[in-house]
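The values are calculated or read from the model by the stated rules, or taken from the named source; none is laboratory data. Because the structure is predicted, anything quoted here is derived from the model rather than measured. When we count neighbours, we look across all protein chains shown, and the Cβ atoms used for this are built from the backbone with ideal geometry, even at glycine.
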Ligand code: ADP
Ligand code: TRP
């Protein structure tokens, strides 16, 4: 079975973009792959400075994954910080990574362009830790959103450099970017993101979900006129969750006219409830079993360590630390 590895930062309440672009994909693959999915809390430390908040968000994200159907017998789910092996490998990698490679990374360049005040070294070397996260498991594929593609390429560059200096050690991982799920658009028309305050949350309250759906930006075509489904984000979001007949029905309603954006939003809200309510119910159940969640994470860490330790021991010998 191909091995896949992916991480997601516990940096806030997950939204439909995270769900469709990352979380659901990880879970859908669980029968066809040997998967390692981890909660990237070392990475989240670049932005979160409140210890209790980081602890809570990390646990909440584990609950979210279990609620959407991640089977811990099929996927090794773990907390990154339970595997300090990642950070040791990151240090070894940082000694053979050129400054120039990191300076070319978009995420860093964007932070600079936006005038980020007093950026930390951690933010700069973030891709080196990500390379260690990936390569330590020697995966075949790394499913990520388009925004992370360059970081996987950095991991490949680092692997090549290591292999050149110390002989073949790391197979080159392939980024796996789904083309069908392009960037999910938020309520304001920009990329849906925790940082833009434009999200539709996966596990918010009923009131929050309704408020978010009603706030989706639409154009000012009058109710009686025909509308363009292709340019409407309500239609787009609906189509990620509805079946072909339902999508075609809604398309007809748009084209015929006499159907307002308010009606479309009501339909979307109903659809989101139909699809997400079972996950939401499951989430309440799992949130009531925190000992179980902790057990899953510790067991995941034990399984991950078997692989990570082996790679790290191999590396320590190769570079002369052992
Ligand atoms: P955010 O921008 O909300 O902080 P993250 O950077 O934490 O999201 O992304 C976590 C995962 O979710 C990544 O794999 C990313 O590619 C995916 N993702 C985030 N936003 C979107 C979106 N709008 N559309 C598709 N995928 C997304
Ligand atoms: N940088 C990724 C993000 O912000 C999270 C991440 C950390 C990751 N390490 C990883 C993703 C390794 C894939 C593989 O979304």
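Confirm whether residue 181 is within 14 Å of ligand 1 (Cβ to nearest atom) and modelled with pLDDT of 95 or more. Spell out the reasoning first.
Details: within 14 Å of ligand 1 (Cβ to nearest atom): yes; modelled with pLDDT of 95 or more: no.
When the stated conditions are applied, residue 181 does not pass them.
Among the residues of the range 41-68, what is the count of those that are within 16 Å of ligand 2 (Cβ to nearest atom) and over 12 Å from residue 12 (Cα atoms)?
Residues in the range 41-68 being within 16 Å of ligand 2 (Cβ to nearest atom) and over 12 Å from residue 12 (Cα atoms): 6 in total.
So which pairs qualify, if the first residue must be in the range 19-31 and touching a residue at least 12 places away in the same chain (Cβ under 8 Å), the second must be surrounded by fewer than 21 Cβ atoms within 10 Å (Cβ to Cβ) and in a helix (DSSP H, G or I), the Cβ gap must be under 7 Å, and the two must be at least 6 apart or on different chains?
Within 7 Å, the pairs are 20/240.
Could you say whether any residue in the range 107-115 is at pLDDT 95 or above and either in contact with a strand residue (DSSP E or B) (Cβ under 9 Å, 6 or more places away or on another chain) or closer than 29 Å to residue 76 by Cα (or both)?
No.
Okay, residues lined up against (1) under 26 Å from residue 320 (Cβ atoms); (2) in contact with a strand residue (DSSP E or B) (Cβ under 6 Å, 6 or more places away or on another chain); (3) surrounded by fewer than 17 Cβ atoms within 10 Å (Cβ to Cβ):
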position: 149; (1), (2), (3): no, yes, yes
position: 152; (1), (2), (3): no, yes, no
position: 163; (1), (2), (3): yes, no, yes
position: 170; (1), (2), (3): yes, no, no
position: 175; (1), (2), (3): no, yes, no
position: 186; (1), (2), (3): no, no, no
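Would you tally the residues in the range 169-211 being under 15 Å from residue 21 (Cβ atoms) and touching a residue at least 60 places away in the same chain (Cβ under 8 Å)?
Total meeting the criteria: 14.
Which of the residues that make up the range 6-34 are assigned to a strand (DSSP E or B) and either touching a helix residue (DSSP H, G or I) at 6+ places or on another chain (Cβ under 6 Å) or within 9 Å of ligand 1 (Cβ to nearest atom) (or both)?
Passing the criteria: 6, 7, 8, 15.
What do you reckon, is residue 159 buried (at least 20 other Cβ atoms within 10 Å of the Cβ), more than 15 Å from ligand 1 (Cβ to nearest atom) and over 20 Å from residue 80 (Cα atoms)?
For residue 159, the condition - buried (at least 20 other Cβ atoms within 10 Å of the Cβ), more than 15 Å from ligand 1 (Cβ to nearest atom) and over 20 Å from residue 80 (Cα atoms) - is met.
For residue 175, only one of the following conditions fails: (1) outside any strand (DSSP E or B); (2) within 14 Å of ligand 1 (Cβ to nearest atom); (3) in contact with a helix residue (DSSP H, G or I) (Cβ under 8 Å, 6 or more places away or on another chain). What is its number?
(1)
Kindly indicate the residue of the range 186-201 that is in a loop (DSSP other than H, G, I, E, B) and within 11 Å of ligand 1 (Cβ to nearest atom) and also farthest from residue 238 (Cα to Cα) among those meeting that condition.
The extreme case among them is 197.
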